[in-house]
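Written out below as structure tokens is the structure these notes cover.
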Amino acid sequence: MIELNDVGRAFKVKRAVVHAVRDLSFTVAPGEFVGYLGPNGAGKSTTIKMLCGILTPTSGRVRVAGLDPSRRRTTLARRIGVVFGQRTTLWWDLPLGDSFDLIRLLYKVDRKVFRVRLDELTQTLDLGGFLRTPVRQLSLGQRMRGDLAAALLHAPDVLVLDEPTIGLDVVSKASIRTFLRRLNAEQGTTVLLTTHDLGDIERLCRRVMVIDHGRLGFDGTLDDLMATAPEHSSIEDVVTALYTGTG
Amino acid sequence: MVRTYALLAWTWTRAAMAYPASFAIMTVLGLAVAGMDVAVILIVFANTTTLAGFSRDETLFLYGTANLAFCLCDMFVSNIDRISQHIKAGTLDTMLIRPVSPWLQLAADRFLPTRIGRIAQAAVVLGYALSALDLDPGRLWMVPVMIACGIVIFTALWTLAGALQFVLVDAPEVTSAFTYGTGQLTQYPFSIYGRELVRGVTYVLPLAFVNWQPALYVLDRDDPFGTPEFMRFLGPVAALVLALLAALAWRQGLRHYRSTGS
């Protein structure tokens, strides 16, 4: 579903060249739920932006759902759902439901299919209470659930989440996690999740990838990850050891 | 494409109406500013009968044609020049994940129907000039052609201005010279400008084809700068070349887009 081969992305910053990502290769199979970890500035967001075609890689080959994202971005957009935890894709001054109607038209989703899907999402994400509320008046937790629904209305094969639980309280986090687990299990949606919240990883991801300085430092199951630093018992300590290289 | 634009424009209109007071003020201000432009021309002609060889009505014809094209673009595509704000805020990313061209989304971004006042004003001025001038009916076919070329040229200029902002993220104002600057420039007979400037806006940046060259044909006048007759008909070619350049620049800009840090 996602395939990267020797992908690199360099930025010129005041004449120096910074390699945000280099020689990155990995494959995510359909139906997988993968956590993508790394310290700030490691290249997570750069990777995600290359996956959805926002950034063009400077080297290597990217394929998502069989498409080259940077060349077929608008075609891919119908097959991928993207949520940026730090910014909303909803229309700020309009009621949440209006954003959904607009997304239906932009993605050309059939009206009947849309109705069924929206009802389903309204129920599972508990959106019923604020569909008529302007997005700017929603709480962060409500908005994030709205953003998740918006990313899923066109029934994408792949869902890419960039820090979807950032700033949320424990209850909101729990409801989003439950939703994502069900989505992956019941609909078979492939999910790639970046987060700094290791609770997300522990509760959701069967597979974990860790990126550091633009390179893949670890790729395996959660158990494998814990085994990299057997002297530690908590995932926080294991990941800290991995990030700081003291493991 | 038109449907998608209309849909986005309607969405932004409803969003603007979430703030009714600001919406009303914008409408009134838009009309007031438009009226001032014409006032300036009328004041000039209250003191003189010709402006660099052109009568009041001929000047109003030049003003009307250029401004109609310009104001249409100002309403429907000018929002492209806000792209640097979207680059800085990271909101361009959210446009890029949708299955709709970001150019279209930006053109419709924060669409304001209140700008229709200026279009109406330009149309009225043009209508007046057409009825006041004693024009050769056999030459009137050029009027819609020149307005269409003007729309393409201004749209291309705005697109170029947007493409430039991928590089000049921190100096978006520079690009206003291309758009609002040229809009102002085309409001008057080119004979008031220096020879070098007119050469520049004929052969480098083809603004002379928005209204000056075709208008000389419609008004049956010789070019005071002495360009040959066939130049009057090059508008569509100039518009097409500029549009292609703008499309290329836009593509390059998008491919080199760097996004923001997070």
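General observations
- Considering only the protein assembly as shown, percent of DSSP beta bridges that pair antiparallel, nearest 5: 55
- Sequence-distant residues sharing a close amide H with A:Leu159 (under 5 Å, placed H): A:Gly81, A:Thr190, A:Val191, A:Leu192
- The Rg/Rh ratio of the protein assembly as shown, with Rg taken over Cα atoms and Rh as the Kirkwood radius over Cα pairs, comes to 1.08.
- Taking the helices alone, chain B has a mean residue ellipticity at 222 nm of -19500 deg cm²/dmol, built from -39,500 (n - 2.57) per DSSP H run of at least 4 residues and averaged over all its residues.
- Assigned charges on the beta-carbon of Lys, Arg, Asp, Glu; the range A:85-155 dipole about Cα centre (debye): 120
- With Cα atoms defining each centre, the range B:91-142 and the range A:189-247 are spaced 54 Å apart in the structure.
- Here's the list of lysines a cross-link from A:Lys14 could span, going by alpha-carbon distance under 24 Å and ignoring same-chain residues fewer than 8 apart: A:Lys44, A:Lys49, B:Lys88.
- Point-charge dipole on Cβ atoms (K/R +1, D/E -1) for the protein assembly as shown, about Cα centre, debye to 20: 520
- Based on every Cα atom in the range B:197-254, Rg and the maximum pairwise Cα distance Dmax equal 13.2, 44 Å.
- Rounded, prolate or oblate (a/c below 1.5 giving rounded, otherwise prolate when a/b exceeds b/c) for the range A:177-247 by Cα gyration tensor: prolate
- Cβ-Cβ distance of B:Leu29 and B:Ser176, R₀ of 25 Å, FRET efficiency by 1/(1 + (r/R0)^6): the value works out to about 0.85.
- Alpha-carbon spread of the range A:85-155, three principal axes, descending order, Å: 29, 22, 21
- Taking the charge dipole of the range B:2-255 about its Cα centre, with +1 at Lys and Arg Cβ atoms and -1 at Asp and Glu Cβ atoms, the residue from B:Trp212, B:Val2, B:Leu157 reaching farthest to the positive side is B:Val2.
- Hydrodynamic radius (Kirkwood) for the range A:1-157, which is based on Cα pairs only, to one decimal in Å: 17.2
- Residue of A:Pro57, A:Pro30, A:Pro69 that the Gaussian network model of chain A assigns the largest fluctuation, springs spanning Cα pairs under 10 Å: A:Pro30
- Each Lys or Arg adds one and each Asp or Glu subtracts one; over the other residues with Cβ under 11 Å from the Cβ of A:Phe130, this totals +2.
- Counted over chain A, the DSSP beta bridges are approximately 55% antiparallel.
- Selected from A:Val170, A:Val208, A:Val13 as most flexible by GNM, with chain A as the system and alpha-carbon contacts under 10 Å: A:Val13
- Gyration tensor (alpha-carbon) shape descriptor, chain B, a/c threshold 1.5: prolate
- Of the residues B:Asp109, B:Asp220, the one with the fewest other Cβ atoms within 10 Å heads the list, and the complete ranking is B:Asp220, B:Asp109.
- Overall shape: prolate for the range B:65-150, with the ratio a/c of the largest to smallest alpha carbon gyration tensor axis at 1.5 or above and a/b above b/c.
- Counting only Cβ charges, +1 for Lys and Arg and -1 for Asp and Glu, the dipole size of the range B:2-255 around its Cα centre is about 800 debye.
- Spacing of the modelled spin labels on B:Ala89 and B:Asp136, each 7 Å from Cα toward Cβ, amounts to 5.2 nm.
- Dipole of the range A:85-155 [Lys/Arg +1, Asp/Glu -1 at C-beta], most positive-end residue of A:Gln86, A:Leu140, A:Phe114: A:Phe114
- In this structure the amide hydrogen of A:Arg215, modeled in the peptide plane, comes within under 5 Å of the amide hydrogens of A:Arg22, none closer than 5 places in sequence on its chain.
- Only Cα pairs under 8 Å and 6+ residues apart enter the sum, and on that basis the relative contact order of the range B:49-141 stands at 45 percent.
Throughout, read-outs are computed from the coordinates displayed, never taken from laboratory work. On a predicted model such as this, the values are computed, not experimentally measured, just so you know. Virtual Cβ from ideal backbone geometry, glycine too; neighbours counted across all protein chains shown.
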